[in-house]
1. Near the amide H of Leu35, under 5 Å away, which other amide H atoms are found, from residues 5 or more places off or on another chain, if H is placed in the peptide plane?
2. Pop a pseudo-label 7 angstrom from the Cα along the beta-carbon direction at both Glu45 and Val33 and give the gap in nm to one decimal.
3. May I ask you to evaluate 6.51 cos²θ - 1.76 cosθ + 1.60, the Karplus curve with θ = phi - 60°, for each residue of the stretch 6-14 and list the ³J(HN,Hα) values in order in whole Hz, giving x for glycine and proline?
4. Using only alpha carbons, build the gyration tensor for the stretch 2-62 and give me the equivalent ellipsoid semi-axes, biggest first, whole Å.
5. Taking the Cβ of each residue in Val23, Val33 as the centre, tally the other Cβ atoms inside 10 Å and list the residues starting with the fewest.
6. Taking only Cα atoms, what is the 0 to 90° angle, nearest 10, from helix 44-53's long axis to the longest principal axis of the chain?
7. Expressed in nm to one decimal, what extension gain is obtained for the pair Leu61 and Ser25 from 0.36 nm per residue of sequence separation less their Cα-Cα distance?
8. Using only helices, what value at 222 nm comes out for the chain when you add -39,500 (n - 2.57) per DSSP H run of length 4 or more and divide by the total residues, to the nearest 500 deg cm²/dmol?
Amino acid sequence: MRVRVDSEACTGHGRCYSLAPDVFSADDVGHCVLLHDEVPPGLEEQARAGERNCPERAIALDEP
Ligand code: F3S
């Protein structure tokens, strides 16, 4: 599974890294930073939670 963040769409709600701190982190203004482009085994549910809960729909998953 691959994960992408649209940095133009992200406004820093922070739900991604609050709900999925092993997949997403924050830059110094609270915008999303990916910890992995390819989601490591076992973190798929975190990645999905981040994708589902972003109010700006800034996160996209490519599921095989
Ligand atoms: Fe940005 Fe959405 Fe996360 S707006 S900080 S990608 S919850």
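Here, each number is a calculation from the coordinates, and none is a lab measurement. Fair warning: this is a prediction, and the values are worked out from it, not measured in the lab. A quick note on method: Cβ atoms are made from the backbone with ideal geometry, for glycine too, and the neighbour counts reach across all protein chains shown.
1. Under 5 Å from the amide H of Leu35: Phe24, Ser25.
2. Computed distance between label sites Glu45 and Val33 equals 2.7 nm.
3. Here the 3J(HN,Hα) series is 7, 5, 6, 7, 5, 10, x, 4, x Hz.
4. Working: eigenvalues 52, 25, 21 Å².
Semi-axes from the Cα gyration tensor: 16, 11, 10 Å.
5. Working: Val23 25, Val33 14.
Taking fewest neighbouring Cβ atoms as first place, the list is Val33, Val23.
6. 30 degrees
7. Working: separation 36, 0.36 × 36 = 12.96 nm, distance 1.63 nm.
Contour length minus the Cα-Cα distance gives 11.3 nm.
8. Working: 2 runs with 15 residues, N = 64.
About -6000 deg cm²/dmol.
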